[in-house]
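Just below is one structure, and these are the notes that go with it.
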Amino acid sequence: MDPLKHSVQTGARRGEASDEPMRFAGATLGKQRHVCAFFHSREEEYRVLLPFIKEGFVRDEKAFHVINPGLRDDHLRRLESAGIEVTETQKDGQFELRDWEEAYFREGGFDQNKMLAMPVFFNEPLIHANVR
């Protein structure tokens with residue numbers, strides 16, 4: 001089985017800095033957080049990541065997820081099953097979900113400068129998830 005890769009980055013609460021530690025897979029993460037993990041199954045991936053993602057929502061952190069468009073419905077279902085109110089958090093701007101085509105391959109190909117110019121990367125704190 002090919003391992004799945006998931007990259008998660010967290011930031012501060014919407015509009016303010018956060019120095020509070022955060023838990024991930026049994027470890028405590030400090031102020032600077034970037035996590036890259038490889039998984040053997042989608043079940044393992046979500047078993048590890050959902051508590052981390054949910055904690056970010058509870059802490060009122062901005063969540064920006066980039067997802068394989070074929071897995072979009074499953075991702076939303078798993079977030080809902082963890083108690084995350086997807087529709088409400090999207091409406092109030094806490095959660096944004098984009099297909100990887102929208103985020104990484106705009107205008108037909110990958111352009112790191114255009115991707116990094118997206119407002120979420122510099123103007124707002126975020127949780128960034130790249131699910132394959």
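No value in this document is a laboratory result; all are computed from the given coordinates. This is a predicted model, so every value here is computed, not measured. Counting neighbours? That spans all protein chains shown, and the Cβs are built from the backbone with ideal geometry, glycine included.
Distant-in-sequence amide contacts of E96, defined by a placed amide H-H separation under 5 Å and a gap of 5 or more residues or a different chain, comprise A63, F64, H65. In sequence order, the stretch 102-114 has phi-based couplings of 5, 8, 9, 10, 4, 6, x, x, 6, 9, 4, 5, 5 Hz under the Karplus curve 6.51 cos²θ - 1.76 cosθ + 1.60, θ = phi - 60°, and Gly or Pro positions carry x.
Residues in the stretch 70-83 carry Karplus couplings, in order, of x, 10, 4, 4, 5, 4, 5, 4, 5, 5, 4, 5, 8, x Hz; the curve used is 6.51 cos²θ - 1.76 cosθ + 1.60 with θ = phi - 60°, and Gly or Pro positions show x. Protection proxy ranking of 40-46, 59-65, by the mean of other Cβ atoms within 10 Å over each peptide's residues and highest first, is 59-65, 40-46. Among L79, L29, the ranking by other beta carbons within 10 Å of each residue's beta carbon, starting with the fewest, stands as L29, L79.
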